[in-house]
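Here's the structure, in structure tokens; my notes come after.
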Amino acid sequence: MKIEYNNLYTHFVFTTFRRLKIIPEKNRERIEKYITGIVNNNDSKMYTIYANPEHLHFLISKAPNISEQRIASVIANGSENFINDNNLAVSSNFSWQNTASAFSVSKDDVDKACKYILNQAQHHKTVSFSEEYDAYIKFYQRTLNIDK
């Protein structure tokens, strides 16, 4: 069945290979703008994005004909090439990890998620990425009732 309308929001988290802190602050906005372009050119809409030194958060809505896995792959491949071609990372061979995370966000929580993402610099002054990510995984496993 064809879906003619959807209203789905997804919060993605990408991590640099080996969680290395290789995205310099001076190149953060350029990387964010490029990734926004990838999203907007693939039947999706970027709501907010923030590139930390070792990970990336962004919130999008996407067309129903593109899966989370497909849009994540398009973004990862395109941004890796852009970052490497323009020497925007500390490492000369930038790559994302082979896996990413995608969390659903309700329409009522879009503003809250955007504020959270845009507050990353301040947030990570007190909470490490590992602590943040572990909390996300525990929360979403609880909501899905998945036992480890």
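The values are calculated or read from the model by the stated rules, or taken from the named source; none is laboratory data. Quantities reported herein were computed from a predicted structural model and do not represent experimental measurements. In this analysis, Cβ positions are derived from the backbone assuming ideal geometry, glycine residues included, and neighbour counts consider all displayed protein chains.
The figures follow:
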read-out: Conditions (1) outside any strand (DSSP E or B); (2) among the hydroxyl-bearing types (Ser, Thr, Tyr); (3) modelled with pLDDT of 80 or more: number failed by Ser104; value: (1)
read-out: Among the candidates Asn98, Asn84, residue that is surrounded by 13 or more Cβ atoms within 10 Å (Cβ to Cβ), in contact with a Phe, Trp or Tyr (Cβ under 9 Å, 6 or more places away or on another chain) and at pLDDT 90 or above; value: Asn84
read-out: Criterion: at pLDDT 95 or above, among the small types (Gly, Ala, Ser) and either more than 30 Å from Ile3 (Cβ to Cβ) or out of contact with any Phe, Trp or Tyr (no Cβ under 7 Å at 6 or more places or on another chain) (or both) - qualifying residue of Ser130, Ser73; value: Ser73
read-out: Residue that is without any contact (Cβ under 8 Å) to a residue 12 or more places away in the chain and more than 20 Å from Lys112 (Cβ to Cβ), where the choices are Ser67, Ser91, Ser79, Ser44; value: Ser67
read-out: Top-ranked residue in segment 43-56 [being surrounded by fewer than 22 Cβ atoms within 10 Å (Cβ to Cβ) and of a type outside the set (D, E, K, R); ranked as farthest from Asn6 (Cα to Cα)]; value: Pro53
read-out: Of all residues making up segment 60-70, the number that are surrounded by 20 or more Cβ atoms within 10 Å (Cβ to Cβ) and over 13 Å from Asn7 (Cα atoms); value: 0
read-out: Residue list for segment 17-55, filter: part of a strand (DSSP E or B) and among the hydroxyl-bearing types (Ser, Thr, Tyr); value: Ser44, Tyr47, Thr48, Tyr50
read-out: Phe14 in a loop (DSSP other than H, G, I, E, B), at pLDDT 95 or above and within 26 Å of Asp134 (Cα to Cα); value: no
read-out: Flag if Lys138 is modelled with pLDDT under 80 and not in a helix (DSSP H, G or I); value: no
read-out: Pair list, Cβ under 6 Å, 6 or more apart: segment 95-112 residue more than 13 Å from Gln69 (Cα to Cα), other residue aliphatic (A, V, I, L, M) and at pLDDT 95 or above; value: Trp96/Ala76
